[in-house]
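Peer 1: Before we start, here is the structure in question, set down as structure tokens.
The values are calculated or read from the model by the stated rules, or taken from the named source; none is laboratory data. As the structure is a prediction and not an experimental result, all values here were calculated from the model. Note that each Cβ is placed from the backbone with ideal geometry, even for glycine, and that neighbours are counted across all protein chains shown. Heads up: the accessible areas ignore ligands, DNA and RNA and are worked out on the full protein's heavy atoms, side chains in. Shrake-Rupley method; radii C 1.70, N 1.55, O 1.52, S 1.80 Å.
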Amino acid sequence: MSPTAQRSAAADTRLDVRKTYKLYIGGKFPRSESGRSYEVVDSRGRFLANAAQGSRKDARDAVVAARGAFAGWAGATAYNRGQVLYRIAEVMEGRRAQFVAEVRAGEGVTERRAEALVSASIDRWVWYAGWADKLAQVLGGLNPVAGPYFDISAPEPTGVVGVLAPQRSSLLGLVSVLAPVIVSGNTAVVLTSELRPLPAITLSEALATSDVPGGVVNLITGRTAEVAPWIASHRDVNAIDLSGAADADGVSWGDLELAAAENLKRVVRPAGEGTEAVEPDWTREPDLSRVTAFLETKTVWHPKGR
């Protein structure tokens, strides 16, 4: 047999590597404590990979990691946070081909459409990165007071934010809900799209190499109906974005909102009402509404003329 034929034969007998992905918690990639995984298929039902099936315990671990990272991330300079977000865009650009392939397979769109969605996702990180050191100027300031005082308002992060990532828009939707949460200093516990988690998993690998401190973003893959109630009702989660509950099987976003209200979480609802709720159109130009939804306002009073 010729050398060329031998190489061809070796390639034909090579072991098929079937990927089994893990969670992303505290800057590490642990397996689910449940030991479970589930099959991820493309838009035509063909096998793509195995993803970890996260549990209640995984969600609790993610909240602990997010809480532990909050002080450091909120205390970082706005300039530094902007640089980190910009670095995420740089790393995503380097893995563009993988993101395009995963978006195309998961969402069943054309390659041209997938290219456009990935480009928009990368651009969105850059857009929010640019806002990092401008939020305080735009949203805060010196306030007029009728008296011998003045006060100064400044925006501050809310704390740990739970995020139900959009089910259909696996990358652009995910970036559109995650970036506005962390740009101001919040930390995040993200439950990824149940049926299309691969772009989120690849994003976690990009985050791990983008100077994002461990625990700032924590990604859990799994069944939305199983894990979302634990995030919504967790006492150490300060706010929650329910965008991903709109199209999730077996999930009532109204029930999640009720659970969140029990400890006064801030809640961002899906677009629409009740059973008609839908994911927003993620291709629209963003504004600061998702940033301000996860901010508090600190006001300092000071006497004048004394």
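Peer 1: Kindly provide the set of residues from the range 130-151 that are in contact with a helix residue (DSSP H, G or I) (Cβ under 9 Å, 6 or more places away or on another chain), open to solvent by less than 30 Å² (accessible area, probe 1.4 Å) and over 30 Å from residue 198 (Cα atoms), ordered by number.
Peer 2: Across the range 130-151, the qualifying residue is only 135.
Peer 1: Among the residues of the range 106-116, are any of a type in the set (S, T, N, Q), farther than 27 Å from residue 256 by Cβ and assigned to a helix (DSSP H, G or I)?
Peer 2: The answer is no; no qualifying residue exists.
Peer 1: Counting just the residues of the range 78-112 that are of a type in the set (Val, Ile, Thr) and without any contact (Cβ under 8 Å) to a residue 24 or more places away in the chain, which one comes out nearest to residue 171 (Cα to Cα)?
Peer 2: Pass one, the range 78-112, residues of a type in the set (Val, Ile, Thr): 84, 88, 91, 100, 103, 109-110.
The next check asks that each one be without any contact (Cβ under 8 Å) to a residue 24 or more places away in the chain; those that pass are 100, 109-110.
Numbers: 100: 10, 109: 13, 110: 15 Å.
Of everything passing the filter in the range 78-112, 100 is nearest to residue 171 (Cα to Cα).
Peer 1: Still on this structure, I have one more. Tell me the helices (runs of 4 or more DSSP H) entirely within the range 152-258 that contain at least 3 residues that are open to solvent by 20 Å² or more (accessible area, probe 1.4 Å) and under 25 Å from residue 275 (Cβ atoms). Don't jump to the end; show me each part of the working.
Peer 2: On the way: elements: 172-182, 198-208, 224-233.
Ranges flagged: 224-233.
Peer 1: When both residues are 6+ apart or on different chains and their Cβ atoms are under 7 Å apart, which pairs have a first residue that lies in the range 183-202 and is free of Cβ contacts under 8 Å to residues at least 60 places away in the same chain, and a second that is among the basic types (Lys, Arg)?
Peer 2: Here the result reads 194/223, each pair linking the range 183-202 to a residue that is among the basic types (Lys, Arg).
Peer 1: Right, here's the next one. So, in the range 282-306, exactly how many residues are surrounded by 10 or more Cβ atoms within 10 Å (Cβ to Cβ) and outside any strand (DSSP E or B)? Steps first, please.
Peer 2: Kept after step one, since they are surrounded by 10 or more Cβ atoms within 10 Å (Cβ to Cβ), are these residues of the range 282-306: 282-283, 286, 288, 290-299, 301-302.
Next, from what is left, pick out any that are outside any strand (DSSP E or B): 282-283, 286, 288, 290-294.
Adding up the residues that qualify gives 9.
Peer 1: Follow-up question, since we're still on this one. Within the range 36-72, which residues are assigned to a loop (DSSP other than H, G, I, E, B) and closer than 17 Å to residue 227 by Cα?
Peer 2: So in the range 36-72, the residues assigned to a loop (DSSP other than H, G, I, E, B) come out as 36, 42-46, 53-55.
Across the range 36-72, the qualifying residues are 36, 53, 54, 55.
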